Amino acid sequence: MIGMRTKAPKSNEGKLVNGKETLRLRSKGAATVQEVQNEFEEQATRKVDDLLESYMGIRDLELATTIVEAGKDKKNPDDFAEALDSVLGDFAFPDVFLFDVWGAIGDVKNGRN
């Protein structure tokens, strides 16, 4: 038989492990530990992934996640476009795509699915 745990698992830097983190490996740079997406981020990522498929014919949840992360705290489309350009400038997304993504993120923020 297997007995119950008596102590919480040890963690680095005195932080408790809550099981809601994931290791994200990047092609450039170091691996990072991230919190698991909340409901807003998950819905927004799905909508952005749908837009990527609609505009560019690709499905890429990692790219969609990066786009959502760049835009989730921005207050206007110009700030969003600048943030996205600083992170993913090589993609040179068309303006109409950026406005649709901004609208999709805004819809999720305001509870419009």
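Within the range 78-98, residues that are over 12 Å from LEU63 (Cβ atoms) and at pLDDT below 95 sit with their Cβ atoms under 7 Å from residues that are not hydrophobic (A, V, I, L, M, F, W, C) and not in a helix (DSSP H, G or I), at 6+ positions apart or across chains, in these pairs: PHE80/LYS74; ALA83/LYS74.
Residues in the range 74-99 that are open to solvent by 60 Å² or more (accessible area, probe 1.4 Å), part of a helix (DSSP H, G or I) and under 20 Å from SER54 (Cα atoms): ASP90, PHE91, ASP95, VAL96, PHE99.
The residue of the range 27-73 that is most open to solvent (accessible area, probe 1.4 Å), among those that are among the β-branched types (Val, Ile, Thr) and under 11 Å from the mean Cα position of the chain (by Cα), is VAL36.
The values are calculated or read from the model by the stated rules, or taken from the named source; none is laboratory data. None of these values were measured; they are calculated from a predicted model. Every residue, glycine among them, receives a Cβ derived from its backbone with ideal geometry; neighbour counts consider all protein chains shown. We work out accessible area using only protein heavy atoms, side chains counted, and drop any ligands, DNA or RNA first. Shrake-Rupley method; radii C 1.70, N 1.55, O 1.52, S 1.80 Å.
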